[in-house]
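Here the structure is laid out as structure tokens; the discussion comes afterwards.
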Amino acid sequence: MLTNEKLLGIGGLQRKALLAGLIGCVVALLGGLLLGERGDKIFESFLIAFLLCFGLGAGSMACMVLHHLCGGGWSFLIQRICEAGSRTLWFFFVLGILILLGGLYSGSLYEWSDLAFRQAHHIVENKERFLNPSTFTVCFLVYFAIWFAIATLYNRWSKQLDATGNHSYLAAMKVCAGPCLILYVLSMTFAATHWAMSLEPEWFSTIYGAWMIAGYNLTVIAFAILMLTYLKDEPGIKERIQTKHYHHLGNFLLGFTIFWTYISFSQFLIIWNGNLPEEIGFYIHRTDGGLTTILLILMIFNWFVPMMVLLMRRQKTDLRKLRRIAIYTLVMRFFDMYWNIAPSFPDHHGKIVPSTLILSAAATIGIGGLWFYIYLNELKKRPLTPQQDPRGELMFYEEEHSHA
Amino acid sequence: MEARIKTVPPVLKAVAPLMEDGHSHESISRAVSDVVLEMPMPRPWYATISVGLILLSILGISTAILFWEGLGLWGINNPVGWGFAIVNLVWWIGIGHAGTLISAILLLFNQDWRTAINRFAEAMTLFAVMCAGIFPLLHVGRPWAIFFILPYPNTMALWPQFRSPLLWDVFAISTYFTVSLLFWYTGLIPDLATLRDRMPKGIARSIYGFFALGWRGSARHWFRYEMAYILLGGMSAPLVVSVHTIVSFDFAVSVIPGWHTTIFPPYFVAGAIYSGFAMVLTIMIPAREWFGMKDFITLRHLDNMAKVMLATGLVVCYGYGCELFFAWYSGSDYERTMMWYRGFESPFAWVYLCLLLCNLVTPQFLWIKWMRITPIPLFIISIIVNIGMWLERFVIVVTSLRRDYLPSSWGTYTPTIFDWAAYIGSIGLFLTMMCLFVKFLPMISIFELRLQHHLMKRGEIR
């Protein structure tokens, strides 16, 4: 459990998060109403924020399951950090209804939601069985049903393991981890196709799902590093944490940074080289006008700089530096999501629309702030490390022997 | 601290230790180096090298005839200009991935179980890349002019096409081979010194001594060795990914339906690791039996390799799924027609179904622990995966090329006896090289096993 001192600190942090969240949401809503027509601006900016912050919930769940699949020592200390994140999926469900379904049925987000549009475009008409409002809604419910089931099962088992010390719960988590991750990857691929790729309904890319998943992994590892450095002096973590754990997490951040770049570059190179009319529009929309600047920012600051910094061991073992890189990664994630999503909107092709950029930043602060408030509430509910998980004890054993 | 847990609870326990009990540093050195120095080769070794040499002769004869008659002996023609040659190239390069992955990436991930299998897998990598290299060499038609692919100033004003991934292949594969060779050789130096020291005076001892580079095991030697090894590991890790990524670009940067798909790079890399691990298992399962290495290559190693194979197999299946779904989702008539043709209408539709059976269905058996730790079923699965991965490349290459955008240029492909001869001949080269490797070099890293034994005794690893 958290110490009293930390609880007080968290209380303050929660108030700030709530305040930032409310201000961000109000600014984004009012700005959207003033600047946009029929609320389009609101849906657009909130969609970018939703797709970015959703990575914290879904990514946490994936990281939690991955921990049980691999059983590595590196992830024991962030287990409860991820579990708490997975318990916030309901927040994204509510937001999804408001933003995704709201944007769909109001005709503000997805061009294909209009029957006349589908009939006028042969390629879109060809995929009408997937891109229509009913399928979108049913799939939305199915995706969340899968994620709720996984998050609920794992959180329940983890709680029961704490209470009883019965290792059969651990075995169950281990056995189910593989199938759960498969379900996660498949559902996330389809969700990414529905929610983001279909914003440009004639475009397609087979790697898109993996691209979103890679970005979410990056988000959650950066967030976990921030939380771990914040909670490092708390009972349960304090006795176990060593420099090597920061080093491992820094390595994972490096790994996912490279993986994200690898996926992004592969997609770019193949589409650019193919130069097919039905595909190349995606990159023309994102490289014309000022958007090249964002692309350059991403290339330099979301790949080259963090990669070079994280290659150095001392950057990963120095807490302050590692924390700084994690914050920096999260900021870059915003630019990545803006670059990925915003140019898909019809009046945003090939240009930066400053109002959307600012409003989506406000909406990100809004959704992120509210989410963080809920997240901290969830985090406080359980001890910061699993209580009867033998891996926690084995960390002491390994520690003793590595100094023997 | 005394009250704390000292033994691993059953739920977290591995299937077997990294090394069986009852060994000392001396017994480890003897067990591995005796295969080279003392032990007569077992009968299956003679049988394998005989088969290898016969197949190698087939390669030699068929290549000589091919040089004399020309590439018309192969089944390639318009529109399928890339037949068995590219299928075999991709297959062998894929197999060559496991070695450096085990050596470099598992080294960077601190995976202790790599120790007993890295040497073997690295050797396999080198031989697989050599086998792969045969095919582009033959496929260019005039192998004596192969140096034209290199960018050098010449009076004919020839300059390679740098925008072609085929040229990137040349650099990627040659770099990969060079670094893998260096990595393998660096790791061998301390063991070559062990062989030198255990060997009676003679030419063989001089040869081992020459290659041991005067290794004496001093602290300075070990310091430099460790530094070189980790640096080479760091250099090799991106190469593992880059090579098959570039091989996937050979197809993906074109505009042929079925080739031009963005999932290819990670899907090819996963497929390469999948087939590489399958080949390591295919070779290692009998080898540990024939050469008495079961104490060092335990069921834990088989279990872990099977898990890696399952994980990468699932990524490959994800790639198949994405190809299928997005061919439909694209709404493009060309993509949809190609996928329908591939699965149902093509004369090679049965090949596609077989590959799904091999690569999609078969690895699912690896969810069962018993299958992962029982050598014979695992061996059978590894063979099936090897076949499946070859079929995958065949389907990608042939079905997409047989029918492109222009119906008037549609055609067919039938491999000839010379195609088959080159393929099975390359397997002969691989088998021969593996047999020679086992005969003349320690198949497991002796000094790393000794270190592992030391750490196990101290309780640092289990």
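The values are calculated or read from the model by the stated rules, or taken from the named source; none is laboratory data. Computed from a predicted model, the values in this text were never measured in an experiment. In this analysis, Cβ positions are derived from the backbone assuming ideal geometry, glycine residues included, and neighbour counts consider all displayed protein chains. When the accessible area is computed, the model is the full protein with side chains, heavy atoms only, and any ligands, DNA or RNA have been set aside. Shrake-Rupley method; radii C 1.70, N 1.55, O 1.52, S 1.80 Å.
A compact table of results
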{"read-out": "Computed magnitude of the charge dipole of chain B (debye, nearest 20; Cβ of K, R +1, Cβ of D, E -1)", "value": "1060"}
{"read-out": "Positive dipole terminus of region B:285-404, leading residue within B:Leu360, B:Ile297, B:Gly321 (C-beta point charges)", "value": "B:Ile297"}
{"read-out": "Signed unit charges on C-beta, dipole axis of region A:10-383, positive-most listed residue A:Gly96, A:Gly73, A:Gly39", "value": "A:Gly73"}
{"read-out": "For region B:148-218 and region B:37-67, distance of Cα centres in Å", "value": "24"}
{"read-out": "In nm, spacing of pseudo-spin labels at A:Cys70 and B:Ser206 (7 Å Cα→C-beta vector)", "value": "5.1"}
{"read-out": "Estimated distance in nm for a label pair at B:Leu436 and B:Tyr46, the labels positioned 7 Å out from Cα along Cα-to-Cβ", "value": "2.1"}
{"read-out": "Other protein chain Cβ atoms within 10 Å, averaged over every residue that makes up B:251-261", "value": "4"}
{"read-out": "Gain in span if fully extended, A:Thr152 to A:Trp272, counting 0.36 nm per residue against the direct Cα distance", "value": "38.9 nm"}
{"read-out": "Segment A:Met307-A:Leu13, length gained on full extension (0.36 nm per residue, minus Cα span)", "value": "102.8 nm"}
{"read-out": "Debye, to nearest 20: dipole size of region A:273-396, +1 on Lys, Arg Cβ, -1 on Asp, Glu Cβ", "value": "840"}
{"read-out": "Two-site FRET efficiency, B:Trp410 against A:Ser134, from Cβ-Cβ distance with R₀ of 41 Å, rounded to 0.05", "value": "0.55"}
{"read-out": "Linear extension gain, B:Ile54 paired with B:Ala157, 0.36 nm per residue minus alpha-carbon span", "value": "32.7 nm"}
{"read-out": "HN-Hα J in Hz across region A:376-381 - Karplus 6.51, -1.76, 1.60, θ = phi - 60°, x for Gly and Pro", "value": "5, 4, 5, 4, 6, 6"}
{"read-out": "Accessible-area order (highest first, 1.4 angstrom probe) of the listed residues A:Tyr230, A:Tyr143", "value": "A:Tyr230, A:Tyr143"}
{"read-out": "For region A:10-383: relative contact order, % (alpha-carbon pairs under 8 angstrom, 6 or more apart)", "value": "32"}
{"read-out": "Computed E for B:Leu167/B:Leu324 - FRET, C-beta separation, R0 41 angstrom, nearest 0.05", "value": "0.85"}
{"read-out": "A:His248, A:His348, ranked by accessible area, largest first (probe 1.4 Å)", "value": "A:His248, A:His348"}
{"read-out": "Among A:111-119, A:258-266, B:209-217, A:182-190, the order from most to least packed when residues are scored by Cβ within 10 Å on average", "value": "A:258-266, A:182-190, A:111-119, B:209-217"}
{"read-out": "Per-selection Kirkwood Rh - the protein assembly as shown (Cα, Å, 1 d.p.)", "value": "29.2"}
{"read-out": "Distance between modelled label sites at A:Thr317 and A:Thr3, nm, 7 Å Cα→Cβ extension", "value": "2.5"}
{"read-out": "Estimated dipole of region A:10-383 in Debye, rounded to 20 [Cβ of Lys and Arg +1, of Asp and Glu -1, Cα centre]", "value": "1860"}
{"read-out": "Exceeding the 19 Å Cα-Cα cut-off - candidates A:Lys174/A:Lys238; A:Lys174/A:Lys232; A:Lys174/B:Lys13; A:Lys41/A:Lys351", "value": "A:Lys174/A:Lys238; A:Lys174/A:Lys232"}
{"read-out": "Under the Karplus curve 6.51 cos²θ - 1.76 cosθ + 1.60, θ = phi - 60°, whole-Hz ³J(HN,Hα) for region B:87-103, x wherever Gly or Pro sits", "value": "4, 5, 4, 5, 4, 5, 4, x, 4, x, 7, 5, x, 6, 4, 4, 6"}
{"read-out": "Spatial separation of Cα centroids for region B:420-438 and region B:263-333, in angstrom", "value": "22"}
{"read-out": "Surface/4 of the Cα convex hull for region A:10-383, nm²", "value": "18.1"}
{"read-out": "Inter-part distance where region A:315-340 and region A:350-370 are each reduced to a Cα centre, Å", "value": "18"}
{"read-out": "Accessible-area order (highest first, 1.4 angstrom probe) of the listed residues B:Thr374, B:Thr262", "value": "B:Thr374, B:Thr262"}
{"read-out": "Sites A:Val142 and A:Glu37, calculated FRET efficiency, Cβ-Cβ separation with R0 51 Å, nearest 0.05", "value": "0.95"}
{"read-out": "Of A:Thr292, A:Cys176, A:Asn377, farthest towards positive along the dipole that unit charges on Lys, Arg, Asp, Glu beta carbons give region A:10-383", "value": "A:Asn377"}
{"read-out": "For chain B, convex hull volume per residue from C-alpha positions, Å³", "value": "182"}
